[in-house]
Each structure stands twice: as structure tokens, then as C-alpha cells.
Amino acid sequence: MKVVSVYNRYLNRGGEDEGFENEGRLLEKNGCEVTLITEQVRRPQGLVESAQLALDAIWSRSWYTKFERILKEKKPDVVHVHNFFPTMSPSIYYACRKARVPVVQTLHNSRLICPAASFYRQERVCQDCLGKTPPWPAVVHGCYQNSRARSGVIAAMLTVHRYLETWRKMVDVFIVATEFYRRKFIEGGIPEDKIMKKPFFIDPDPGMKENRGEYALFVGRLSPEKGVRTMLAAWERLGEIPLKVRGGGPLLSEVEEFAKTHPRVEVIPHRLEAQQWTALMRNARFLVWPSAGIFETFGLVAVDAFACGMPVIASRTGAMAEIVTDHRTGLQFSVGDPEDLAAKAAWAWSHPEEMEEMGRNARIEYETKYTAEGNFHLLMEVYRRAINGYTACLQ
């Protein structure tokens, strides 16, 4: 099968990058002919460049033309879009339709139904824009990058393409990673019959860890919506449990200051070699996943933990509650509640045998749902449905 895989990169590398790259390698490994098309986001310099970027976010003429050339040259069976925002724009869908190539879109985040792509504002869950066209609350509150102007650009892009029915007419299949977000996107107006569920995967397999673990571990962006402050408040009460924190973001300096007065807390460099990353995961006793809202469409780091046979302590909300089964593959705590998190972490640390059993269950969960082999079969099913559905529409 010939696949063109598309990804507009963000300024900061994250889980979406890994998902895009992993799928590309998976397809090539299984004999598919894959063309990776990427664009790197840049910070605009000056008013003219900012205005052009705003226009491109709604409809990029240059990318429409570029995509016409790509499709003519590569003649793919399917185009798989991982992200078109901000510079590629939905114009690439229209180039695909003109060339009669079916389109698959992975919904890595909630951008199509929440301009901030977070369902989070002022340290609380916010769904004010869900189902609204135009999504004006995001503009009023400046939800995207704390800017009303930039939020207005996204709101305009969503409004234009909702009225054009771009999501219904130009995309053949949407991929979501969890049932929670399948329902959320349906609520936001994405056609139910076009959505298929396919989780992400971990490859290569790191293998089951062979020890109980020496510390608790947090891996992720250090920002309010990730529940970082909830975790730090919990560790105020957990002076004897070592915690390693790996990540970067706006709260990095706050975490570093906390670590200076709490010697059992250690900040790990954000960039690690593959062997260092594997060792960090395999030597932890449990992962802390304290995200403070429903914005997580998936949790790749939780699946990383499962692959190592490590249980996860997660917020009891959204995709986290779906991925982590309480007292089977980890523990759940009340979202935003540091006392409850501290209690669960203390219990986990003092009950190593029970946590080892949860770790074995977590490994089984990985082998059942999150391997590369299983994911490839699911991805082929998605592509076949997109191709067959598009062919049927032409008849």
C-alpha cells in the first residue's frame, strides 16, 4: 500500500511527534511505501508574516498547490493526516479530493472542537466552545497562547470549515485513541459513522522490568493542566518517597525550586538517550499521571509504563480513567486532590506485592492492546475502510 503521511510539527516536540514517526516506521516495516510530508512551525517575524500565517491557517494556497504536485507524483492509495495546523491548513484535504485520494485524519488532540486543544482554562476544565459555531468563548478569553487575536484565527478556521462541511465531506475516516474522546468528538459535531478507535503503540518492546523499582516517576510537560502542582502538593506530604520528574515547560523553574527544598525529588534532564529513557522507566516503582482535566486524548507515557510492567497512579477522569483500571493496572485518585494522590502513592509504596501484581496486569494490557503488530492490523483496517468508503461514494 502507498501512503502519504502528513504532519505539521509544533515548536515543541511531544507525544504527537512520536505517534507520527512510530506509525511511519511501522508501515515501512510491514512493506508499505510511505512518504512522510512535514512542515515545521516557526514564530512569525513582524506584522506581515503574522498576517500571512493567519491566512494560511484558514486556507493555505501554497500547500494546496504543493499537495497537488505531491499527489500527482506519489499516486498514493491513501493520505493520512496527523496534523495540518497551523500552516498546512485544511486546504490539503481539498487537494486530495480533487485527486480522488481518500483521507484519514488522526485526532491527536481536541483542536477541531476546542480552539485551545485542551478543554482547560484558568486551571479548570472548560467546555464552553463545545458545539458552538463560531467558538466565540475562546476568542473572548484568549484561550490559544493567551491571545485573542491568535484565538480568533483558530475560531475563524473552525467556523469556515464547519460551514463548508469540510470534516464531513473531505475526510473519509477519523481516528481516535479512546472511547471517551470518540464520544466527545461526536458531541462536538464530527460524524459518528466516520470515527474509528485505534490506540497508539509502543515499539520496540522494552520488556518486563525485573525489579520492584526505586522511585515514583513523572514524565510529561510541566504545565498546570498536567496536574504538576497537584503532584508537588502531594509530595509535600510524602517526604520519604523518592520522586523523579522528567519534562520541560512553563513550570520547570517551579519544580526545580521545589526540588531544592525537597531532597527526595529529583529533576531529570528532558533529553535522554534511548538507553537512559528505558532505564528510567524500568527502575521506577510506579508512574504518576496527575493530569488535571479531560484534555488528554491518550496517554502514551502510561502505555510506556504498561510495557515495562509498571502500574500507574492516574486522575480519575477522561481518558486516564479509561486507560488505567483501578486496582488492576494501577490506582485512580480524585482529580486535583493532592491529599488523595498522597494517600494512593503512600499505599502503593507500602504495598509492593500488590503493586507488582498490578504491574503484571499492566504488562498483559500492553500485550493485548498496545503492541506494534496489533496496531498495524488496526491501521490497515482503517485504511481499507477509507478506501472502500471513498470508492463507494464515486459509484
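Values quoted throughout were computed directly from the atomic coordinates according to the rules given, and no laboratory measurement underlies them. All of these numbers come straight from a predicted model, not from anything done at the bench. As a convention, Cβ positions derive from the backbone with ideal geometry for all residues, glycine included, and neighbour counts pool all protein chains shown.
Compute, for the chain, the length of the dipole vector about the Cα centre, with Cβ point charges of +1 (Lys, Arg) and -1 (Asp, Glu) only. Units Debye, rounded to 20.
On the way: 52 positive and 48 negative charges, 320 e Å.
For this selection, approximately 1540 debye.
Which FRET efficiency value, to the nearest 0.05, is calculated for residue 163 and residue 347 with the Förster distance at 56 angstrom and r the Cβ-Cβ distance? Display every interim value, and only then the final one.
Details: r = 52 Å, r/R0 = 0.93.
After rounding to 0.05, the efficiency reads 0.60.
Straight-line reach from residue 344: which lysines have Cα under 23 Å away, leaving out those fewer than 8 places along the same chain?
Correct list for residue 344: 209, 226, 244.
Along the Cα→Cβ direction, 7 angstrom out, place labels at residue 140 and residue 360. What is the inter-label distance in nm?
Once both label points are built, they end up 5.5 nm from each other.
Answer rounded, prolate or oblate for the range 332-395, using the Cα gyration tensor with square roots of eigenvalues a ≥ b ≥ c: rounded when a/c is under 1.5, else prolate when a/b is larger than b/c, else oblate.
Values: a/c = 8.10, a/b = 2.46, b/c = 3.29.
Oblate, since a/c reaches 1.5 and b/c is not below a/b.
Sort 133-143, 217-227 for me by packing, meaning the mean count of neighbouring Cβ atoms within 10 Å per residue, highest on top. Don't skip to the end; give the middle numbers.
On the way: 133-143: 19.0, 217-227: 22.3.
Listed from highest to lowest mean packing, they are 217-227, 133-143.
Considering just Cα atoms, how many Å³ per residue does the convex hull of the range 216-369 enclose? Can you show the working numbers first?
Values: hull volume 14.9 nm³, N = 154.
That works out to 97 Å³ per residue.
Per-residue ellipticity at 222 nm for the chain, helices alone: DSSP H runs ≥ 4 residues times -39500 (n - 2.57), over residue total, nearest 500 deg cm²/dmol? Intermediate values should be presented prior to the final figure.
Working: 16 runs with 181 residues, N = 395.
So the calculated ellipticity at 222 nm is -14000 deg cm²/dmol.
Per 0.36 nm of contour for each residue apart, how much would the distance between residue 10 and residue 187 grow if the chain were fully extended, relative to their Cα-Cα spacing?
Values: separation 177, 0.36 × 177 = 63.72 nm, distance 2.66 nm.
Computed gain between residue 10 and residue 187 is 61.1 nm.
Can you give the extra length, in nm with one decimal, that the chain gains between residue 369 and residue 133 once fully stretched, where that is 0.36 nm per residue apart less the Cα-Cα distance?
Values: separation 236, 0.36 × 236 = 84.96 nm, distance 3.61 nm.
Taking 0.36 nm per residue and subtracting the Cα distance, the gain is 81.3 nm.
What does the extension gain come out to for residue 1 and residue 377, with contour length at 0.36 nm per residue minus their alpha carbon separation? Can you show the working numbers first?
Numbers: separation 376, 0.36 × 376 = 135.36 nm, distance 1.31 nm.
Separation in residues times 0.36 nm, less the Cα-Cα distance, equals 134.1 nm.
Trypsin sites (Lys or Arg not before Pro), restricted to the range 64-126: which are DSSP loop and have at most 13 other Cβ atoms within 10 Å?
Values: sites: 66, 69, 72, 74, 97, 98, 100, 111, 121, 124; in loops: 100, 111.
In loop regions of the range 64-126 (DSSP not H, G, I, E or B), the sparsely surrounded trypsin sites (Lys or Arg not before Pro) are 100.
For the range 127-210, which GluC sites (Glu not before Pro) pass both filters: DSSP loop (anything but H, G, I, E, B) and at most 14 other C-beta atoms within 10 Å? Don't skip to the end; give the middle numbers.
On the way: sites: 165, 179, 187, 192, 210; in loops: 165, 210.
Sparse-neighbourhood loop GluC sites (Glu not before Pro): 165, 210.
At a Förster distance of 51 Å, what's the computed FRET efficiency of residue 49 paired with residue 210, Cβ-Cβ distance as r, to 0.05? Show your work: numbers first, answer last.
On the way: r = 53 Å, r/R0 = 1.04.
It comes out at approximately 0.45.
Along the Cα-to-Cβ line of residue 38, 7 Å from the Cα, sits a label point; which residues in the range 266-308 have backbone N less than 11 Å from it?
Flagged as within label range: none.
Which label belongs to the value computed from this structure, given these candidates for Rg and Dmax of the Cα atoms in Å: (i) 21.4, 69; (ii) 32.4, 118; (iii) 26.4, 94?
Looking at Rg and Dmax of the Cα atoms in Å for this model, the match is (i).
Which of the peptides 199-207, 285-293, 228-236 is most tightly packed, and how do the rest follow, going by the mean number of other Cβ atoms within 10 Å of each residue?
Working: 199-207: 17.6, 285-293: 25.4, 228-236: 22.4.
Put in order of decreasing packing, that is 285-293, 228-236, 199-207.
Sort largest first and round to whole Å: the equivalent ellipsoid semi-axes of the range 159-277, each the square root of five times a Cα gyration tensor eigenvalue.
Working: eigenvalues 301, 77, 36 Å².
Taking √(5λ) for each eigenvalue gives 39, 20, 13 Å, largest first.
Using the per-residue mean of other Cβ atoms lying within 10 Å as a proxy for protection, in what order, highest first, do the peptides 85-93, 295-303 fall? Please list the in-between numbers first.
Working: 85-93: 22.7, 295-303: 24.2.
Ranking the peptides 85-93, 295-303 by packing returns 295-303, 85-93.
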